[in-house]
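For reference, the structure discussed in these notes is given below.
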Amino acid sequence: RKEVEQDPGPFNVPEGATVAFNCTYSNSASQSFFWYRQDCRKEPKLLMSVYSSGNEDGRFTAQLNRASQYISLLIRDSKLSDSATYLCVVPPSPNTGTASKLTFGTGTRLQVTL
Amino acid sequence: DVKVTQSSRYLVKRTGEKVFLECVQDMDHENMFWYRQDPGLGLRLIYFSYDVKMKEKGDIPEGYSVSREKKERFSLILESASTNQTSMYLCASSPPQGTHSPLHFGNGTRLTVT
């Protein structure tokens, strides 16, 4: 299994729809995870952190399934402005060094349409 | 708010030139990183640094070197640019590992080597 794996998409959904992406990871010792959002030709920006079972922020919900080693991102009531690439990020195991060497997925592209 | 500034947004260089990419952060972060991002490959770590004058190779260090003379500045050097180094280069910073802190990215340098 790859360290971090995401479906590249694109996911094309109408405005108002609910959409979910999954991200699988191989390191069972990883304890915290991140979702980043990256707009076209821009830098990635932190969307959500996931430290335990899950996290909710408005229309966005991130969940962690340790048994199956995946995290998910759910977006409710999609907006046109949600169109972007969503990157799943997995830190290394705890106490593996002084610097945090994150592993990035290649991203899932979301296109929200009218 | 964390600010990571990359010196150039777009850069065009010739094969064989020595290229310097500069990155400055204003949050007193210990960790700094250089990534490159290519379509279908995602973000790949070139080098990182967890302290002044300290550096460690990432996943793809060949053809690159780095310099960290001051805590706030991390430079990426292409000793002799080649066309396969055409890419988007992203600098990032973070506090020390153990704080579950994500990366804060600069807005990227799109380098074209002709």
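Across peptide B:38-44, the mean count of Cβ atoms from other chains lying within 10 Å of each residue's own Cβ comes to 4.
The amide H of B:Met27, built 1.01 Å from its N in the peptide plane, has B:Lys3 as neighbours under 5 Å, considering only residues 5 or more places off or on other chains.
Within the stretch A:1-63, the trypsin sites (Lys or Arg not before Pro) that combine a DSSP coil assignment with at most 16 other C-beta atoms in a 10 angstrom radius are A:Arg1, A:Lys2, A:Arg41, A:Lys42, A:Arg59.
A Stokes-Einstein calculation at 4 °C with viscosity 1.567 mPa s, built on the Kirkwood radius of chain B over Cα pairs, returns a diffusion coefficient of 93 µm²/s. When B:Leu11, B:Leu41, A:Leu114 are arranged by Cβ crowding within 10 Å, least crowded first, meaning fewest neighbours, the order is A:Leu114, B:Leu41, B:Leu11. Each Cα pair under 8 Å and six or more residues apart adds its sequence gap; the mean of these over the residue count of the stretch B:16-114 is a relative contact order of 32 percent.
The Rg/Rh ratio of chain A, with Rg taken over Cα atoms and Rh as the Kirkwood radius over Cα pairs, comes to 0.97.
Sequence-ordered 3J(HN,Hα) estimates for the stretch B:53-59 from the Karplus curve with 6.51, -1.76 and 1.60 and θ = phi - 60° stand at 6, 9, 8, 9, 5, x, 7 Hz, glycine and proline given as x. Modelled this way, with points 7 Å down the Cα-to-C-beta line, the labels at A:Glu15 and A:Thr113 are 1.5 nm from one another. Across peptide A:103-110, the average count of Cβ atoms from other chains found within 10 Å of a residue's Cβ is 3.
Cysteines in the protein assembly as shown that lack a partner Cβ within the 4.7 Å cut-off: A:Cys40.
Each Lys and Arg contributes +1 and each Asp and Glu -1, all at the Cβ; summed about the Cα centre of the protein assembly as shown, the dipole is approximately 380 debye. Of all DSSP beta bridges confined to the protein assembly as shown, the antiparallel ones make up roughly 90%. Highest mean packing first, where packing is the average number of other Cβ atoms within 10 Å per residue, the peptides B:30-36, A:66-72 line up as B:30-36, A:66-72. Each listed q (0.14, 0.18, 0.19, 0.20 Å⁻¹) maps to a log10 I(q)/I(0) for the stretch B:55-114 from the Debye sum over equal C-alpha point scatterers, namely -0.48, -0.78, -0.86, -0.94. For A:Gln6, the residues 5 or more places off, or on other chains, whose built amide H falls under 5 Å of its own are A:Thr106, A:Gly107. Per-residue mean of foreign Cβ neighbours for A:40-47 is 5 (Cβ atoms of other chains, 10 Å radius). Among beta bridges identified by DSSP and lying wholly in chain B, the antiparallel ones come to about 90 percent. With the charge dipole of the protein assembly as shown set up from +1 on Lys and Arg Cβ and -1 on Asp and Glu Cβ about the Cα centre, the Cα lying farthest toward the positive end among the listed residues A:Ile75, A:Val90, B:Thr15 is that of B:Thr15.
Over the C-alpha trace of the protein assembly as shown, radius of gyration and Dmax come out as 17.7, 52 angstrom.
Values quoted throughout were computed directly from the atomic coordinates according to the rules given, and no laboratory measurement underlies them. Just so it is clear, the model here is predicted, and its values are computed rather than measured. Backbone-built Cβ (ideal geometry, glycine too); neighbour counts: all protein chains shown.
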